[in-house]
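The values are calculated or read from the model by the stated rules, or taken from the named source; none is laboratory data. Only a predicted model underlies this, so the values are computations on that prediction, with no experimental measurement involved. Virtual Cβ from ideal backbone geometry, glycine too; neighbours counted across all protein chains shown. The area values use the complete protein model at the heavy-atom level, side chains included, leaving out ligands, DNA and RNA. Shrake-Rupley method; radii C 1.70, N 1.55, O 1.52, S 1.80 Å.
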Amino acid sequence: HKTDRLDARLIADFCQKEQPRTWQPLAPQERTLQALVRHLDSLVETRQQQLNRLESSRDPLVTTSLERVIAQLTLEIEQIQSQIQDHIDHHADLKRKQELLDTIPGIGLHTATSLLAEMPDLADYPSAKHAAADAGLTPAERSSGSSVRGQPRLSKIGNPRVRKLLYFPALAAIRYNPIIKAHRDRLLAQGKPKMVAVGAAMRKL
């Protein structure tokens, strides 16, 4: 898809020398799970928008209409949640991965299911560092020459859904997961800002 000849040659040279792994599409059951989970997220977001509108509504007719819409969205959300779990239960590999993720302190069933939808090939990464990079959870240096040295931040180059998923579980893990709590405490003792420690907890998860 590159139209610049120099860029295209650079990419071709890289692929020839580095021999990166061939991209593989999701398996049908993984593609279905991802579609269902993303649809659920969209429904939940839409319902929250309508709830916010309901709070500020002053017209009885509008209020009644919003209540009907919210009730229908709630029903649809419950049905999709049931469909998602039924889908996982009918595929042994998905079920096994969901149960494994759910054993991690800080990761609940909802987060486990959503992670499974966004990173179903988690076990195929060469290392945890590769998986963290794919999610945009690795530190990115901000420097230019010898004069500009910014505070390192998360690269955020990667799947934003995974970063969003892991934020609140990381806060829970800091309290209840002894491995991540110890990791956070070490960073704070080194003078790292609190949000850097939270980012590190997300990456550790």
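Here are the numbers for this structure:
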read-out	value
Charge dipole (debye, nearest 20) of the stretch 78-121; +1 at Cβ of Lys and Arg, -1 at Cβ of Asp and Glu	100 debye
Ranked order, 109, 51 - accessible area, probe 1.4 Å, largest first	109, 51
Of 54, 107, 132, farthest towards positive along the dipole that unit charges on Lys, Arg, Asp, Glu beta carbons give the chain	132
Binned Cα-Cα distances of the stretch 35-112, short to long, each 10 Å bin given as a whole percent	17, 36, 26, 15, 6, 0
Spin-label pair residue 63/residue 22, simplified geometry with 7 Å Cα→Cβ offset, distance in nm	6.3 nm
Electrostatic dipole magnitude of the chain [Cβ: Lys, Arg +1; Asp, Glu -1; Cα centre; debye, to 20]	1120 debye
The chain, accessible area per residue, ligands and nucleic acids excluded (1.4 Å, Å²)	69 Å²
Whole-number percent relative contact order across the chain, with pairs defined as alpha carbons under 8 Å at least 6 apart	15 percent
Matching label, Kirkwood radius over Cα pairs in Å computed from the structure shown, candidates (i) 17.2; (ii) 18.6; (iii) 20.3	(iii)
Cα centroid separation - the stretch 1-51 against the stretch 57-133, whole Å	19 Å
Mean ellipticity per residue at 222 nm, deg cm²/dmol - from DSSP H runs of n ≥ 4 across the chain, formula -39500 (n - 2.57)	-22500 deg cm²/dmol
Net charge dipole size for the stretch 43-133 [Lys, Arg +1 and Asp, Glu -1 on Cβ; Debye, nearest 20]	220 debye
Solvent-accessible area, 1.4 Å probe, carbon plus sulfur percent, for the chain	55 percent
Amide H within-cut-off set for residue 154, under 5 Å, with H built and near neighbours excluded	140
Cα gyration tensor shape of the stretch 16-71, rounded if a/c is under 1.5, else prolate or oblate by comparing a/b with b/c	prolate
Unit charges at the beta carbon, dipole of the chain: most positive-side option, 63, 167, 195	195
